[in-house]
Amino acid sequence: MKRGIIVRKSKVTAVSLATALSPLWGIAAWLAGPLPAPADEVPFTEIELSAPAGPRDVYAADLDGDGDIDILFASSVPGNHKIGWYQSNGGLPVTFTGEIVISTTALDVTSVFAADVDGDGNTDVLSASPGDHKIAWYKNDGALFPPTFTEQVISTNALGARSVFAADLDGDGDIDVLSASDIDSKLAWYENDGESPPSFTERVIATDIIPFGPRSLFATDLDGDGDIDVLTASLGTAAAPGTAWYENDGESSPNFTKRVITSTRAISVYAADMDRDGHIDILSGSNSLGGIKWHENDGDSPPTFTEHPIAPNNDYIPTSMFTMDMDLDGDTDVLVATLSAHFVWYDSSGGFPPTFIERDLVSHASTDESAFGADLDGDGDIDVLWAGKVFTERFAKIKMYINLLPRTAGDMDRDGDVDLQDYALFQEVFTGPF
């Protein structure tokens, strides 16, 4: 039996009563669907999942194949190294089981990812662990109540493995694996042979990411040519840049050409179309003043990038970034976890280029290890996952912040159906009161 979670704290900011009862508001929502919300009225409720020892990373995916989103995490302190997940019940309000352990043998695990590695239709789990220099995947057996995961080691030669990612780098239809490791300053990918079960061959992309090696990686088609390129962030120098991308030449056994984005020391990297021009832009986070930036892709072949500050006056140290439309206004907002006592999101103006306004997501000071966005409760908006430590609380924790923006007109209680009061509003405007 699944055990429900307990709501520890809730903080909700709602639209005004006058607005909610306005006939025109009800009609507009009923006809047009979701409406954008003023940024300071984006409502969240904070829910504590559990307190695994030393949470390091969070991720969201449908691990049990039942159509709703589960939560994957990595946690590590000396003597306690864990990869685990919380199974969603899929209801409204959403609840999750307690921790379900996948592995306790990935030493100092720092990164997890989810993808169908063996092509059997089930979502598998991947990890990077610097304590044993290991990149591994965990085969999902496809059971529903719940699935079990069996470790398959890809490599123990990623010295100081920091980050793992999965994508089809060679375009052959199966999922390859990427790793970034900082002791050997190596960026590598592991070619999936497509067999059942698959085996992997290491292909080194770069070993010149010095002096501290890559800390974060991401993969996407950055230049729009149909193949997957690779991005890295590292605490580098001008000789070994902090943020770079590696252009995939599209061959069946691809080669990668390094392109420098910035030499500023970087901790995290992400990619998304920030200005809605059809080109994938880059986000980078460093520990320098104004270190949260986006780099505008000019769409050339290969593209060049123009740097824009997202937070020009802060000194946050971003540990991870994620993009989503937090307030449902149609543009790309940015979620940032930091080591600087701020868990924030940046509200995009939607302009060309966009500017950003900082919004606190958590009102109390915290040290953030990881953040991720996903529709956890299946209502169509983006909720937030967070792993870290709140300064006023004893233990590091994993929490989720459920976005409570109203999603459908007529569905005032968010139960998936149209409520009578909204039909009444609709009829009153067009036919007069009852």
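Between Asp298 and Ile357, what is 0.36 nm times their sequence separation minus the Cα-Cα distance? Round to one decimal in nm.
Values: separation 59, 0.36 × 59 = 21.24 nm, distance 2.38 nm.
Result for the pair: 18.9 nm of gain on full extension.
Residues with beta-carbon under 12 Å from that of Gly54, excluding Gly54: net charge, scoring Lys, Arg +1 and Asp, Glu -1? Kindly include the intermediate steps, with their values, before the conclusion.
Working: positive: Arg56, Lys82, Lys389, Lys397; negative: Asp57, Asp108, Glu369.
For residues surrounding Gly54, the net value is +1.
Which value, in Å² rounded to 10, gives the accessible area of Asp333 with a 1.4 Å probe and all protein chains present?
Its heavy atoms expose roughly 0 Å² to the probe.
Read phi for every residue in segment 372-379 and hand back ³J(HN,Hα) as whole Hz from Karplus 6.51 cos²θ - 1.76 cosθ + 1.60, θ = phi - 60°, with x for Gly and Pro.
Result, ordered by residue: 8, x, 6, 7, 6, 9, x, 9 Hz.
Quick one: compute the contact order of segment 144-213, relative version, from alpha carbon pairs under 8 angstrom and 6+ residues apart, as a percent. Write down the numbers at each step before the final one.
Values: 125 pairs, mean separation 17.1, N = 70.
RCO, segment 144-213: 24 percent.
Using a/c under 1.5 as the rounded threshold, could you call segment 40-89 rounded, prolate or oblate? The axes a ≥ b ≥ c are square roots of the C-alpha gyration tensor eigenvalues, and prolate needs a/b larger than b/c, oblate otherwise.
Details: a/c = 2.71, a/b = 1.29, b/c = 2.10.
Note, shape of segment 40-89 comes out oblate.
At 7 Å along the Cα-to-beta-carbon direction for both Asp116 and Leu144, put a label point, then send me their distance in nm to one decimal.
So the label points at Asp116 and Leu144 sit 1.8 nm apart.
Do any of Lys186/Lys397; Lys82/Lys389; Lys134/Lys186; Lys186/Lys293; Lys82/Lys397 go past 19 Å between their Cα atoms, and which?
On the way: Lys186/Lys397 31 Å; Lys82/Lys389 17 Å; Lys134/Lys186 13 Å; Lys186/Lys293 25 Å; Lys82/Lys397 14 Å.
Going by Cα-Cα distance, Lys186/Lys397; Lys186/Lys293 fall outside the 19 Å limit.
Run the dipole for segment 134-189 about the Cα centre, Lys and Arg Cβ at +1, Asp and Glu Cβ at -1, nothing else charged, and hand back the magnitude in debye, nearest 20. Display every interim value, and only then the final one.
Details: 4 positive and 9 negative charges, 62 e Å.
Around 300 debye, computed over segment 134-189.
Considering all alpha-carbon pairs of segment 115-212, what whole percent are spaced by more than 22 angstrom? Can you show the working numbers first?
Details: 1312 of 4753 pairs.
When every Cα pair of segment 115-212 is considered, 28 percent fall beyond 22 Å.
Principal axis lengths of segment 218-304 from Cα atoms, whole Å, largest first?
Principal-axis extents of segment 218-304 (Cα, largest first): 39, 29, 18 Å.
Counting Lys +1, Arg +1, Asp -1, Glu -1, what net charge surrounds His342 among other residues with beta carbon under 9 Å of its beta carbon?
Working: positive: none; negative: Glu358, Asp360, Asp368.
Residues close to His342 contribute a combined charge of -3.
Taking the solvent-accessible surface of protein heavy atoms with a 1.4 Å probe, what is the per residue accessible area of segment 285-380 in Å²? Spell out each step's value before the answer.
Working: 3420 Å² over 96 residues.
The answer is 36 Å² per residue.
The values are calculated or read from the model by the stated rules, or taken from the named source; none is laboratory data. The shown structure was predicted, so the numbers you read here are calculated from the model rather than taken from an experiment. All Cβ positions, glycine included, derive from the backbone under ideal geometry; neighbour counts span all protein chains shown. In case anyone asks, the SASA skips ligands and DNA or RNA and just uses the protein heavy atoms, side chains included. Shrake-Rupley method; radii C 1.70, N 1.55, O 1.52, S 1.80 Å.
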